[in-house]
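The values are calculated or read from the model by the stated rules, or taken from the named source; none is laboratory data. Model, not experiment: these values are computed from the prediction. Cβ coordinates were reconstructed from backbone atoms using ideal geometry, including for glycine residues, and neighbour counts include every protein chain displayed. Accessible surface is based on the protein model in full, side chains and every heavy atom, while ligands, DNA and RNA are left aside. Shrake-Rupley method; radii C 1.70, N 1.55, O 1.52, S 1.80 Å.
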Amino acid sequence: MKSSARSAPTTRGIKRIDLAYVQLATSESARDINRDVVLEIIRSQQPVSRADLARASGLQPSTVSSIVEQLIAEKWVKEGAIERRPRGRHPTLLALNDGLVILTADIRPKQAIVPLVSEPESAINKIISCMKAMRADHSNRSFEGVGISMPGRVDSESQSLILAPNLKWGSYNIKGAFEKEMRLQVELTNAANAALLAELWSGRLDGIRNAVLITVSEGVGGAILANGQIVTSRSGLAGEFGHSPIDPTGPLCGCGQHGCWEVFASSNAALRYYAEICPEKASVTIHELLRLAEEGDPAALAALTRQATWLGRGLRLVTAALAPEVILFAGDITTSWARFGPVIQAELEATMLAGDAPQLGITNDGEFARLRGAAAVVLQRHSGYQRSRLKAAKDKTPYSASS
Ligand SMILES: [Zn+2]
């Protein structure tokens with residue numbers, strides 16, 4: 001247990017080891033944590049030998065060997081090349097099994113891998129038929145799960161969609177529909193949390209303990225990394241900065257309130273600003289608007305600059321609440337970051353309470369961040385660590401009504 005905690009600062013990409021929790025862990029969950037640590041080192045340093053794994057993790061070689069055997073049996077890891085050394089033993093190197101595949105979908109209010117309709121059943125059936133076709137095309141691979149990025153908040157335990165004001169799918173059982181047809185493990189996750197997890201897995205946030213990721217599309221979403229942990233909180237609702245009220249006299253938001261941050265700062269807001277300036281050209285998409293701005297169209301530039309200004313102003317909510325070291329943006333406006341990033345930066349600096357403004361940046365994966373994150377959630381949930389955490393949370397409810 002101690003060794004997994006000790007290894008965390010020196011190992012690339014390990015972000016999920018919570019020291020406060022480790023002290024409470026049973027020996028069974030310690031094994032799960034060690035398993036996650038080993039899998040994470042293989043993922044980030046592959047190809048890697050068992051001896052290297054023991055050194056990097058601080059675990060006993062015998063513990064590493066038994067975890068590796070388990071990961072090979074579960075098909076997460078495979079043995080590959082033999083490392084050639086001038087003398088001594090020639091260890092077999094380990095790598096993630098690239099024959100193992102996770103199907104992912106990024107569901108958004110107006111688009112997914114396939115065009116979406118407002119009615120959940122036929123929309124999901126379209127995605128399922130795409131996934132089935134993909135599986136048939138790659139019959140030599142082992143499909144381990146389905147990860148779905150959602151434009152809303154998902155309760156990680158019940159896997160139900162708690163809040164998705166821009167999607168309007170009601171209480172439709174999305175996970176059940178995928179499970180019934182795909183017969184695989186299915187994980188739903190919030191789009192912003194998926195994008196943040198993708199950044200963590202890529203190693204680009206190495207050394208950063210406190211970060212906030214803001215997604216900008218039809219709405220404005222958020223994900224929080226606090227003290228090295230992704231914070232989802234009760235019912236997965238943490239991070240909804242987009243629904244903080246900025247102006248109670250502002251336009252009506254999808255959540256039912258007036259003047260939320262997202263009605264001023266989302267891609268839909270930019271389209272509304274553009275329609276106000278040029279009512280005759282009101283039917284453009286956000287991608288067309290961004291292209292017009294790149295071509296120097298003054299109305300498009302004005303609309304997107306106004307959106308960027310509001311994005312920057314709203315970051316006061318983020319900096320005052322969480323004081324992150326880094327704020328990352330994902331989504332539409334990041335495709336013209338050189339133009340609009342400085343607008344956001346100036347507003348961010350103007351709204352700081354004290355100290356330097358956090359570093360501002362964009363996610364590297366663009367449109368793929370949510371998909372990679374959805375796959376990462378399936379990988380993460382596959383391990384016992386997450387299950388142990390859920391169990392520990394259930395067993396320890398100090399403020400429950402019955403106590
Ligand atoms: Zn709202």
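Which ones in the range 158-173 are free of Cβ contacts under 8 Å to residues at least 60 places away in the same chain and under 19 Å from the mean Cα position of the chain (by Cα)?
Listed by number, the residues that qualify are Ser158, Gln159, Ser160, Leu161, Ala164.
Would you confirm, using the coordinates I've provided, whether Glu262 is among the acidic types (Asp, Glu), surrounded by 15 or more Cβ atoms within 10 Å (Cβ to Cβ), touching a residue at least 12 places away in the same chain (Cβ under 8 Å) and in a helix (DSSP H, G or I)? Before you say what the answer is, go through the steps one by one.
On the way: among the acidic types (Asp, Glu): yes; surrounded by 15 or more Cβ atoms within 10 Å (Cβ to Cβ): yes; touching a residue at least 12 places away in the same chain (Cβ under 8 Å): yes; in a helix (DSSP H, G or I): yes.
Here the answer is yes, as Glu262 does meet what is asked.
Table: residues versus (1) over 17 Å from Gly373 (Cβ atoms); (2) assigned to a strand (DSSP E or B); (3) away from the ligand (no atom under 13 Å from the Cβ); (4) among the hydroxyl-bearing types (Ser, Thr, Tyr).
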{"residue": "Glu218", "(1), (2), (3), (4)": "yes, no, no, no"}
{"residue": "Ile224", "(1), (2), (3), (4)": "no, yes, yes, no"}
{"residue": "Ile230", "(1), (2), (3), (4)": "no, yes, yes, no"}
{"residue": "Ser235", "(1), (2), (3), (4)": "yes, no, yes, yes"}
{"residue": "Ala238", "(1), (2), (3), (4)": "no, no, yes, no"}
{"residue": "Gly242", "(1), (2), (3), (4)": "yes, no, no, no"}
{"residue": "Asp247", "(1), (2), (3), (4)": "yes, no, no, no"}
{"residue": "Gly254", "(1), (2), (3), (4)": "yes, no, no, no"}
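Checking Ala303 against (1) closer than 24 Å to Pro109 by Cβ; (2) surrounded by fewer than 22 Cβ atoms within 10 Å (Cβ to Cβ), which test does it fail?
It fails just one condition, (2).
Residue check: is Cys255 open to solvent by 30 Å² or more (accessible area, probe 1.4 Å) and either of a type in the set (Phe, Trp, Tyr) or at pLDDT below 95 (or both)? Talk me through it step by step, then tell me what you get.
On the way: open to solvent by 30 Å² or more (accessible area, probe 1.4 Å): yes; either of a type in the set (Phe, Trp, Tyr) or at pLDDT below 95 (or both): yes.
Here the answer is yes, as Cys255 does meet what is asked.
Pairs needed: first member in the range 182-206, free of Cβ contacts under 8 Å to residues at least 40 places away in the same chain; second member anywhere, open to solvent by less than 30 Å² (accessible area, probe 1.4 Å) and among the polar types (S, T, N, Q); C-beta distance under 9 Å; at least 6 residues apart or different chains.
From residues that are free of Cβ contacts under 8 Å to residues at least 40 places away in the same chain, there are no pairs.
Kindly provide the set of residues from the range 360-369 that are open to solvent by 50 Å² or more (accessible area, probe 1.4 Å) and touching a strand residue (DSSP E or B) at 6+ places or on another chain (Cβ under 6 Å), ordered by number. Before you say what the answer is, go through the steps one by one.
Filtering the range 360-369 for residues open to solvent by 50 Å² or more (accessible area, probe 1.4 Å) gives 362, 364, 367-368.
Within the range 360-369, just Ile362 meets the criteria.
Among the residues of the range 274-287, is any surrounded by 15 or more Cβ atoms within 10 Å (Cβ to Cβ), closer than 19 Å to Arg108 by Cα and over 26 Å from the mean Cα position of the chain (by Cα)?
Within the range 274-287 (the criterion being surrounded by 15 or more Cβ atoms within 10 Å (Cβ to Cβ), closer than 19 Å to Arg108 by Cα and over 26 Å from the mean Cα position of the chain (by Cα)), the answer is yes, since at least one residue qualifies.
Can you go through Ala350, Ala323, Ala357, Ala346 and tell me which one is touching a helix residue (DSSP H, G or I) at 6+ places or on another chain (Cβ under 6 Å), open to solvent by 10 Å² or more (accessible area, probe 1.4 Å) and of a type in the set (A, V, I, L, M)?
Details: Ala350 fails: touching a helix residue (DSSP H, G or I) at 6+ places or on another chain (Cβ under 6 Å); Ala323 fails: touching a helix residue (DSSP H, G or I) at 6+ places or on another chain (Cβ under 6 Å); Ala346 fails: touching a helix residue (DSSP H, G or I) at 6+ places or on another chain (Cβ under 6 Å).
Going through Ala350, Ala323, Ala357, Ala346 in turn, just one is touching a helix residue (DSSP H, G or I) at 6+ places or on another chain (Cβ under 6 Å), open to solvent by 10 Å² or more (accessible area, probe 1.4 Å) and of a type in the set (A, V, I, L, M): Ala357.
For the range 256-267, give me each residue that is of a type in the set (Gly, Ala, Ser) and either more than 9 Å from the ligand (Cβ to nearest atom) or within 24 Å of the chain's Cα centre (by Cα) (or both).
So in the range 256-267, the residues of a type in the set (Gly, Ala, Ser) come out as 256, 259, 265-267.
Answer for the range 256-267, where residues must be of a type in the set (Gly, Ala, Ser) and either more than 9 Å from the ligand (Cβ to nearest atom) or within 24 Å of the chain's Cα centre (by Cα) (or both): Ala265, Ser266, Ser267.
Looking at Thr305, Thr309, Thr319, Thr335 in this structure, which one is away from the ligand (no atom under 16 Å from the Cβ), under 23 Å from the mean Cα position of the chain (by Cα), within 19 Å of Glu218 (Cα to Cα) and polar (S, T, N, Q)?
That would be Thr335, the only listed residue that is away from the ligand (no atom under 16 Å from the Cβ), under 23 Å from the mean Cα position of the chain (by Cα), within 19 Å of Glu218 (Cα to Cα) and polar (S, T, N, Q).
Could you check Ala238 against (1) of a type in the set (A, V, I, L, M); (2) touching a helix residue (DSSP H, G or I) at 6+ places or on another chain (Cβ under 7 Å); (3) modelled with pLDDT under 95 and say which number it fails?
(2)
Looking at the structure I just gave you, is Ala270 away from the ligand (no atom under 12 Å from the Cβ) and under 21 Å from Gly314 (Cβ atoms)? Quick ask: steps written out before the conclusion?
Working: away from the ligand (no atom under 12 Å from the Cβ): yes; under 21 Å from Gly314 (Cβ atoms): yes.
Against the criterion (away from the ligand (no atom under 12 Å from the Cβ) and under 21 Å from Gly314 (Cβ atoms)), Ala270 qualifies.
List pairs: first residue in the range 227-252 and more than 24 Å from Leu271 (Cα to Cα), second residue within 13 Å of the ligand (Cβ to nearest atom) anywhere in the structure, Cβ distance under 6 angstrom, at least six positions apart or on different chains.
Gly236/Arg153; Leu237/Arg153; Gly239/Gly222
Any residue at all in the range 71-79 that is part of a loop (DSSP other than H, G, I, E, B) and open to solvent by less than 30 Å² (accessible area, probe 1.4 Å)? Spell out the reasoning first.
First, the residues of the range 71-79 that are part of a loop (DSSP other than H, G, I, E, B): 74-76.
Still in the running and open to solvent by less than 30 Å² (accessible area, probe 1.4 Å): 76.
The answer is yes, given that some residue of the range 71-79 is part of a loop (DSSP other than H, G, I, E, B) and open to solvent by less than 30 Å² (accessible area, probe 1.4 Å).
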